[in-house]
Amino acid sequence: QIPTVTQLYASNRLRPTSSPAAPPNPSYNDKISLIRHDITKLRVDSIVNAANESLLGGGGVDGAIHRAAGPELLDECETLGGCDTGDAKITGAYNLPCKAVIHAVGPVYFRTKREGRHTQLLQSCYRKSLQLAVDHGLKSIAFSALSTGVYGYPSGEAAEAACEEVRRFLESGRGDGLEKIVFCNFMEKDERAYEEVIPKYFQPA
Ligand code: ADP
């Protein structure tokens, strides 16, 4: 019920671009999905939370995930000792329909852009999250639009960084064990950004 890139091209929700950033690879198009949805409702193996360095809960998607998971999620997060920006840690999912929650700490845009570190830090979140899923034998992973809320990362730049890193991860073979990688957006602006950027990295066959 989560449409793949292959299906989104077939239904014309995604359109080929005249400025591709990578050659087509149809096998990736069956692995990548795009959906506008509440991530706490998705039946996937793992969901990626846009957490903060304390891992002790916050607003936005973090708040929604903690509310839906129940208080035991916070109990487990309290044992983790926080998480650096650009890194990710994994917990159980408790009352959520998924099997695991990956808590990634995206960069605060304006601070890290000044230091020229925003792209590498955001891409590191995607890479570390994908690797955690692989290492734990999780076959599917859904990303929230990390850093694009309170942390102020522009939607288009964030989608570009995410797609580039996911493509690189798959290209390297590290993602061979993954069956489904979902970009799950909440806001229309983020969904639009992905509709523009996905065709650059995941061309139709
Ligand atoms: P950050 O601090 O990393 O910017 P936010 O939680 O403020 O984190 O926003 C991250 C993204 O999560 C935003 O694009 C926001 O629209 C989105 N978001 C908020 N609630 C949900 C939800 N229930 N499901 C999926 N995405 C959500």
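The values are calculated or read from the model by the stated rules, or taken from the named source; none is laboratory data. Just so it is clear, the structure is predicted and the values come from calculations on it, not from any experiment. Cβ coordinates were reconstructed from backbone atoms using ideal geometry, including for glycine residues, and neighbour counts include every protein chain displayed. Please note that ligands, DNA and RNA were not included when accessible areas were found on the heavy atoms of the full protein model with its side chains. Shrake-Rupley method; radii C 1.70, N 1.55, O 1.52, S 1.80 Å.
What list of ³J(HN,Hα) values in whole Hz, one per residue of segment 186-192 in order, does the Karplus curve 6.51 cos²θ - 1.76 cosθ + 1.60 (θ = phi - 60°) give from phi, with Gly and Pro shown as x?
Once rounded to whole Hz, the list reads 10, 9, 4, 4, 6, 4, 4.
Return a whole-number percent for the relative contact order of segment 40-98, with Cα pairs under 8 Å and 6 or more residues apart as the contact set.
Dividing the mean separation by the residue count of segment 40-98 yields 46 percent.
Under 5 Å between amide H atoms, partner at least 5 residues away or on a different chain: which partners does ALA93 have, H built in plane at 1.01 Å?
HN-HN under 5 Å from ALA93: VAL101.
With an 8 Å Cα cut-off and a minimum separation of 6 or more residues, compute the relative contact order for the chain in percent.
Reported relative contact order: 31 percent.
Each residue of segment 109-123 in order: what ³J(HN,Hα) in whole Hz does its phi give by Karplus 6.51 cos²θ - 1.76 cosθ + 1.60, θ = phi - 60°, with x for Gly and Pro?
Each residue of segment 109-123 in turn: 4, 5, 5, 6, 5, 4, 8, x, 10, 4, 5, 5, 5, 5, 5 Hz.
Between rounded, prolate and oblate, where does the chain land on the alpha carbon gyration tensor, with a ≥ b ≥ c its root eigenvalues, rounded for a/c under 1.5, else prolate if a/b exceeds b/c? List each step's numbers first, then the result.
On the way: a/c = 1.68, a/b = 1.38, b/c = 1.22.
Prolate is the answer for the chain, as a/c is 1.5 or above and a/b outweighs b/c.
For the chain, what number of Lys pairs, 8 or more residues apart or on separate chains, have alpha-carbon atoms under 15 Å from each other?
8
Within 10 Å of each candidate Cβ there may be at most 11 other Cβ atoms; applying that plus a DSSP loop requirement, which chymotrypsin sites (Phe, Trp or Tyr not before Pro) in segment 129-204 survive?
When the chymotrypsin sites (Phe, Trp or Tyr not before Pro) of segment 129-204 are filtered for loop state and at most 11 Cβ neighbours within 10 Å, nothing remains.
How high is the relative contact order of segment 20-128, in percent, with contacts defined as C-alpha pairs under 8 Å that are six or more residues apart?
27 percent
Using the crude model of +1 on Lys and Arg Cβ and -1 on Asp and Glu Cβ, and no other charge, please compute the dipole size for segment 126-171 relative to its Cα centre, in debye to 20.
180 debye
For the chain, which whole percent of the accessible surface, found with a 1.4 angstrom probe, sits on carbon and sulfur atoms?
So the carbon and sulfur contribution to the accessible surface is 50 percent.
Go through segment 21-36 residue by residue and turn each phi into a ³J(HN,Hα) via Karplus (6.51, -1.76, 1.60, θ = phi - 60°); whole Hz please, and just put x for glycine and proline.
9, 7, x, x, 9, x, 5, 5, 5, 8, 8, 9, 10, 10, 8, 9
Per residue, how much space in cubic angstrom lies within the convex hull of the C-alpha atoms of segment 163-205?
It is 82 Å³ per residue.
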